[in-house]
Amino acid sequence: MDEKDKDQDEQDVGLSAPAKHSAEELLDAAAGDPLDPMRHSAAHVMAEAVLDLFPGTKLGIGPAIEGGFYYDFEVERPLTPEDLARIEDRMRASVKADHPFVRKELDPDKGRAFFVERDQPYKVEILDDLRIAADAVGEAAPVVTTYEHGPFIDLCRGPHVASTGKIGPFKLLSVAGAYWRGREDRPMLQRIYGTVWSTQEELDLYLWRRTEARRRDHRRLGVQLDLFSFHDISPGAAFWHPKGWTLYRTLENAMREIQEKRGYQEIYTPPLVSKKLWEQSGHWDLYREHMFVLESEEQTFSLKPMNCPESTFIYKSRMRSYRELPLRLSEYGKLHRNELSGVLSGLTRVRHFVTDDAHIYLRPDQIEAEIEGLFGEVREAYAWFGLDPTFTFGTRPDKALGDPALWDRAEAIMRDVLERSDIPFRVKDKDGAFYGPKIDIQVEDALGRQWQTATIQLDLVMLPERFDLTYVDENGEHVRPVAIHRAIYGSLERFIGVVLEHTGGALPFWCSPVQAVVVPIADRHNDAAQELAALLREHHLRVEVDDSSNRMQNKIRLAQEQKIPYMLVLGDREVEARSAAPRTREGEQQPVTPWRELAHRLEAEARERSPGPPAIQRPPVETR
């Protein structure tokens, strides 16, 4: 099931389910976030206001969502920003009136008639679907539950706050189109998004974060910094410009250094393979709809959506001994997934991407040490960007493959490594892969948003069993290895998108596509500027010279807009002394330094891979 459809179904199911708790208990319950009852209540108050301002409006659904709420409406005309202001005013009046939320139960037939009488076809459809679902399993139609506040009554399962006066500061944010129940063959409704918080300070901070998120949008930064672009001739695939490709290769090569230290061997496998491979791995049945498939000479092929199975052919190219293990095979594999065009989103949701994949084949007794080593890789790589990883441990799912005893042992090992490594982690029961337990790593960016990035998956059966992998143990017996699937960046495209938004485009010095720009004040300083740039390049630094006809202040402004870490201004005095006073993109003027000394200092700074200054400054005052 598509995640969007799943979310929609979860909103529909249970809206009129039989009561299992008292009204008082439901008022205090929450679906997840403690603010959810308030958010859901605000959605009802918004629907009340819309019905009041636009009589005849047909109501869809209005759930709480992360950070806020929405409600879907069928209104006779498109809503405008001016309409949102009017709706907000009506909502404030309802909050001021402090109407209590009252839960009522209706007989199924009377409940349906209630919404038919009020000409609310979408509510009637929900009730009819619930009745059909109950009939299918031989159960009676569920009791219809409604919530009433003031003049407004809605089909609802709750929970809500006690009264409208308990709703905190709110703001309506935008209007968007939304197909009823997420299906393109159903009517297009208008969805109003809003947010509500316990205090004005929390609302102010949320609104500031939204504004900051738009400013930091990696798609906008990609154009501003001349890193990448997207074009209709290849949807969901980035066109990397020279500066963007420099960033891409810098990240790849930094990860290669980690891999070389730990004894990885880099491989490359074909992007186009026969469907026979995917049938053997099981992906053909489970993942075919996401593959790009083509025919050639009466054979079916696909572009690979993941690297996993192909590494087994390199493992099996010759007999392996227990002395060779762990065998760490890394690959920057070019992957393609047939994502729907409507979900594509810059670098964070693409059709073509590359992962810093590795498949590690090892003996069961090596699992513990290997996972400890992988934790070290995660910490080192994320420290380069000032990202603090958090860990989630997924245990055996209901439909797991393999010996339960081996699962128990693997889970115990992974849990023990997490605990001994002094790593806080959250357990997600039954969230492991079907072939083994896993550890997922998330990071929080400068705006407090969570991103899934790295993963460490223990494969007990899928690759070893389906591809008949063995090694010769110390007793001369042929036995199965265990495999670990791991990615540290994950998708490089997605990781770059995350880092751009985390830093606002002010990338750490070590990976900035242009690390310094030399700014000659006049044409007579151009030759010296080229000389300094050449010296810096000898020290493996990426340098440009701005010898345009722009005035010096304009050159500095352009360099700051390009987020270049250092500006080196050369006038008569600097040229004569063969020195420069670096100016940082943050506006700090550093001491005058001889050219060669400066080159050594910047080279050392690049090698350190420091994340640089904090990625963001919190708003100093309220932003009301």
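The values are calculated or read from the model by the stated rules, or taken from the named source; none is laboratory data. No experiment lies behind these values; they were computed from the predicted model shown. With ideal geometry, Cβ positions are generated from the backbone for all residues, glycine too; neighbour counts draw on all protein chains shown.
Those residues that are exposed (fewer than 13 other Cβ atoms within 10 Å of the Cβ) and of a type in the set (A, V, I, L, M, F, W, C), I need them from the range 126-135; list them, please. Listed by number, the list holds a single entry, Ile132. Selection of the range 84-96 for residues being in contact (Cβ under 8 Å) with a residue 60 or more places away in the chain and surrounded by 14 or more Cβ atoms within 10 Å (Cβ to Cβ) yields Leu84, Ile87, Glu88, Met91, Ser94, Val95. Scanning the range 266-299 for residues that are of a type in the set (Asp, Glu) and either without any contact (Cβ under 8 Å) to a residue 12 or more places away in the chain or under 29 Å from Arg256 (Cα atoms) (or both) yields Glu266, Glu279, Asp285, Glu295, Glu297, Glu298. Filter the range 39-80 for residues that are under 23 Å from Val102 (Cβ atoms) and among the small types (Gly, Ala, Ser) and give the result. If the condition is that a residue be under 23 Å from Val102 (Cβ atoms) and among the small types (Gly, Ala, Ser), then Ser41, Ala42, Ala43, Ala47, Ala49, Gly60, Gly62, Ala64 are the ones that fit.
Counted as qualifying within the range 318-405 are no strands (runs of 3 or more DSSP E), as none has 3 or more residues that are surrounded by 20 or more Cβ atoms within 10 Å (Cβ to Cβ) and of a type in the set (S, T, N, Q). The criterion of at least 3 residues that are modelled with pLDDT of 95 or more, charged (D, E, K, R) and buried (at least 23 other Cβ atoms within 10 Å of the Cβ) is met by none of the helices (runs of 4 or more DSSP H) falling completely within the range 490-574.
Checking each residue in the range 228-241 for being in contact (Cβ under 8 Å) with a residue 24 or more places away in the chain, of a type outside the set (A, V, I, L, M) and closer than 28 Å to Phe509 by Cβ picks out Phe228, Phe230.
Could you tell me which of the residues Lys123, Lys110 is surrounded by fewer than 20 Cβ atoms within 10 Å (Cβ to Cβ), assigned by TED's automatic domain parsing to the domain that holds Val50 and either touching a Gly at 6+ places or on another chain (Cβ under 7 Å) or part of a helix (DSSP H, G or I) (or both)? Please lay out each step first, then the result.
Details: Lys123 fails: surrounded by fewer than 20 Cβ atoms within 10 Å (Cβ to Cβ).
Exactly one of Lys123, Lys110 is surrounded by fewer than 20 Cβ atoms within 10 Å (Cβ to Cβ), assigned by TED's automatic domain parsing to the domain that holds Val50 and either touching a Gly at 6+ places or on another chain (Cβ under 7 Å) or part of a helix (DSSP H, G or I) (or both), namely Lys110.
When Asp204 is tested against (1) under 21 Å from Arg349 (Cα atoms); (2) outside the structural domain of Pro121 (by TED's automatic domain parsing), just one condition goes unmet, and that condition is (1).
For the structure I just gave you, tell me whether Gly168 is over 38 Å from the mean Cα position of the chain (by Cα) and in contact (Cβ under 8 Å) with a residue 40 or more places away in the chain. Reasoning before the result, please.
Values: over 38 Å from the mean Cα position of the chain (by Cα): no; in contact (Cβ under 8 Å) with a residue 40 or more places away in the chain: yes.
Considered against the rule, which asks whether it is over 38 Å from the mean Cα position of the chain (by Cα) and in contact (Cβ under 8 Å) with a residue 40 or more places away in the chain, Gly168 comes out as no.
Which members of the range 297-317 meet the condition of being hydroxyl-bearing (Ser, Thr, Tyr) and touching a strand residue (DSSP E or B) at 6+ places or on another chain (Cβ under 9 Å)? Let's see the steps before the verdict.
Of the range 297-317, the ones hydroxyl-bearing (Ser, Thr, Tyr) are 300, 302, 311-312, 315, 317.
Once the filter is applied, which keeps residues that are hydroxyl-bearing (Ser, Thr, Tyr) and touching a strand residue (DSSP E or B) at 6+ places or on another chain (Cβ under 9 Å), the range 297-317 yields Thr300, Ser302, Ser311, Thr312, Tyr315.
Pairing each residue of the range 107-134 that is more than 22 Å from Gln190 (Cα to Cα) with any residue that is loosely packed, with under 13 Cβ neighbours inside 10 Å, provided the two are 6+ apart or on different chains, yields C-beta distances under 7 Å for Ala134/Ala140. In the range 136-149, the count of residues that are more than 23 Å from Arg181 (Cβ to Cβ), exposed (fewer than 14 other Cβ atoms within 10 Å of the Cβ) and touching a Pro at 6+ places or on another chain (Cβ under 9 Å) is one or more.
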